[in-house]
Amino acid sequence: MKFSESWLRTLVDPKLTSEELSHLLTMAGLEVEELDPVAPAFDSVVVGHVLEVVKHPDADRLNVCKVDTGSGTPSTIVCGAPNVAVGLKVPCALPGANLPGDFTIKIAKVRGIESSGMLCSAKELGLAEDASGLLILPADAPVGQSIRQYLDLDDNQFELKLTPNRADCLSLLGIAREVGAITGAATCLPVVPEVPATIADMRAVVLDAPEACPLYCGRVVKAVNAKAPTPEWMKRRLERSGIRAISALVDITNYVMLELGQPLHAFDNTKLEGVVHARLAKPEEKLLLLNEQTIAVDADILMISDDVKPLAMAGIMGGEDSGITLETSELFLESAFFAPKAIAGRARRYGFGSDASHRFERFVDAPGLEQASRRCAELILEVAGGTIEQEFIDERPRQGGDARAIIKMRTSRCDQILGLHVPTAEVARLLTSLGIEVAVERHGSEEIARCRVPANRHDLTREIDLIEEVGRLHGFEKIEIGSSLELPLDLRHPREWPLRERAMAEMGRVLTGMGFFETVTFSFVAEDEARAFCPTGLRLLKVDEERRKGAPWLRPSVIPSLLTCRRANQDGQVRREGGVRLFETASVFAEMDDGDKFARATIENQNLALMVDAPGKAEAAQAGIRLVRGAIEGVAQALGGAGARIELRPCEAFMAALEGETTASILVNGAHAGYLT
């Protein structure tokens, strides 16, 4: 997440330097990956107004200019830029100015004419690589004002390395909330008033896939001027956030996304026919996207369409044929909530990504979409004019009451985990600063904070999450590190453990007692391993290759992980009488066609995998099979009782890497439980 520091400081302005703010954010879990000035150091450059341009008498490519620099007396400056013209406002370096590259401006004669300064290009100021001409400033630029002040060049660009659970910080609003909570500085968050409707037109919306799109807000804006220029302050904020300015209407939707975290999309309303639908893709449906890529959309892709044609890949990218242009006079503005599971991985499947999909697949604050729609409409009216209709909102029926999560946190547990005592009043203050509603209750000697979590913090679901928030805001640096560390031990009898923990402990006990070693391996494997061990009927899952490099595939089976571990032991010449015996209990991942509205449902299962060396003759292989069967029986009886029955039945190979003649289905009490090969 990139953003401009000066933009952030319009929302919250702690009395900290840029470096101090960077350190504080990093220590609070929002790692600042880069902190760079938006412009190099230079001084004595002002806004100049070109009053007169005449050809140099002794040089064909030079002009002699009269320039008003705000001093009261026009300066004579010799300039070779091809785009210099009377009436322009341009940066003017005064005599004595120090420019990037250790270059000082002096009064000097150029072909016999004294030049008192220099008119500058963007490259000469270190702002861009373009040196083809002068940097042209807006006509209303105040003459004589420092160019650093006018273009806000003392700004810094922050880049945060956010973890996937902190989608709330993919906006200036979210970051400002965090800074306010961390520093105690007052926040001045955007207040978006209702935008009164001035026309009666309304385009209806129908949610045909409510599980994927439970909430959709649309409105029509007419008589807009799509050719209106984007305000310079908005351009700067966009560019310093890593987004290129395109046109006023597109820039406004991107600006609101950065400001409030809600992606929006604008359609050309004159190109829409009938009702707008949020639905799943139809068979053999194709769409020409804004990136000029034509795709055949899969059945699990959520689409926005009208009554006749598809318009966009919902939450990912709009279609070219319904997009706005400089000729657009009416637009249909979309602000919607798309479920993360309906968006996750879809863009990467087609080889691209978008700022919108990056946010939707991590979770967008559903209650904020109406505010984003109003904010966008407000800016459109301000920048491009127009008349607006009332919002049309279609949403899935919801249960009554406040659906926000309520989590109970024991203050004693908080102290125990953090290793220091945080007073209950301070705990309540810290959590309240995050927008969490806190009510402290007393149960005997125990104080419990009953916390209602705000909708934008979907990552807070457990007591330990709240304890982490207390630690972040209180300051991990304040936790003293002593020469010894006391760790609380769970002294409960195993019978009191949760069912899953008891099962894991029993499996480990049985298998280690039979000479197996437990492995803990990574969840990602190379493509050839993933394909070889992907069960029949399932599809592989892949993550961003740039992040995972050579092993971007989530494993569909634990077998390749065990084989890799065994190979590492073999390469290290590890030998053991009776062969090496390994086991691991771990998650496996895939997609399957389960016939519901989402044709590909993502699955994650906990699998137990065993591996036994059976080198040499057939007798050794048979001994290995008997050992594995004995291990399975031991696990089954430990979990299901002494009467658990194990049966092996020959079956077809269920993975490409396996041989059908040597594969058997494992049945426990008659129910399929796994495979042996």
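Annotations for the structure displayed:
- Residue ID - farthest from R148 (Cα to Cα), chosen from residues in segment 15-36 that are part of a helix (DSSP H, G or I) and among the hydrophobic types (A, V, I, L, M, F, W, C): M27
- A41 surrounded by 15 or more Cβ atoms within 10 Å (Cβ to Cβ), of a type in the set (A, V, I, L, M), farther than 30 Å from I479 by Cβ and touching a residue at least 40 places away in the same chain (Cβ under 8 Å): no
- When G144 is tested against (1) of a type outside the set (F, W, Y); (2) surrounded by 19 or more Cβ atoms within 10 Å (Cβ to Cβ); (3) closer than 27 Å to E232 by Cα; (4) more than 33 Å from the chain's Cα centre (by Cα), only condition (2) is not met.
- With respect to the conditions (1) aliphatic (A, V, I, L, M); (2) modelled with pLDDT of 85 or more; (3) under 25 Å from the mean Cα position of the chain (by Cα), L541 falls short on a single one, namely (2).
- Residue match in segment 447-460 (condition: of a type in the set (G, A, S), under 30 Å from V364 (Cβ atoms), at pLDDT below 90 and outside any helix (DSSP H, G or I)): yes
- Close contacts from segment 86-112, counting a first residue that is in the same structural domain as I136 (by TED's automatic domain parsing) and a second that is among the charged types (D, E, K, R) and in a loop (DSSP other than H, G, I, E, B), with Cβ to Cβ under 7 Å and a gap of 6+ residues or different chains, come to P95/K106; A97/D43; N98/D43; L99/E124; R111/D58; G112/D58.
- Test: G174 is more than 30 Å from V364 (Cβ to Cβ), touching a Gly at 6+ places or on another chain (Cβ under 8 Å) and touching a residue at least 60 places away in the same chain (Cβ under 8 Å): no
- For segment 403-416, the tally of residues that are among the aliphatic types (A, V, I, L, M) and exposed (fewer than 15 other Cβ atoms within 10 Å of the Cβ) stands at 2.
- Every pair of residues 6+ apart whose Cβ atoms lie under 6 Å, when the first sits in segment 440-461 and is under 20 Å from R359 (Cα atoms) while the second is surrounded by 13 or more Cβ atoms within 10 Å (Cβ to Cβ) and polar (S, T, N, Q): D459/N165
- Sole exception among (1) out of contact with any Ser or Thr (no Cβ under 9 Å at 6 or more places or on another chain); (2) modelled with pLDDT of 85 or more; (3) outside the structural domain of I417 (by TED's automatic domain parsing); (4) of a type outside the set (K, R) for P488, by number: (2)
- Test for K55: is it in contact with a Pro (Cβ under 7 Å, 6 or more places away or on another chain), charged (D, E, K, R) and more than 30 Å from T187 (Cβ to Cβ): no
- Matching option when the condition is in the same structural domain as I136 (by TED's automatic domain parsing), of a type outside the set (K, R) and touching a residue at least 24 places away in the same chain (Cβ under 8 Å), among P82, P74: P82
The values are calculated or read from the model by the stated rules, or taken from the named source; none is laboratory data. Everything numeric here is computed off the predicted structure, so don't read it as measured data. Glycine gets a Cβ as well: all are built from the backbone with ideal geometry, and neighbour counts include every protein chain shown.
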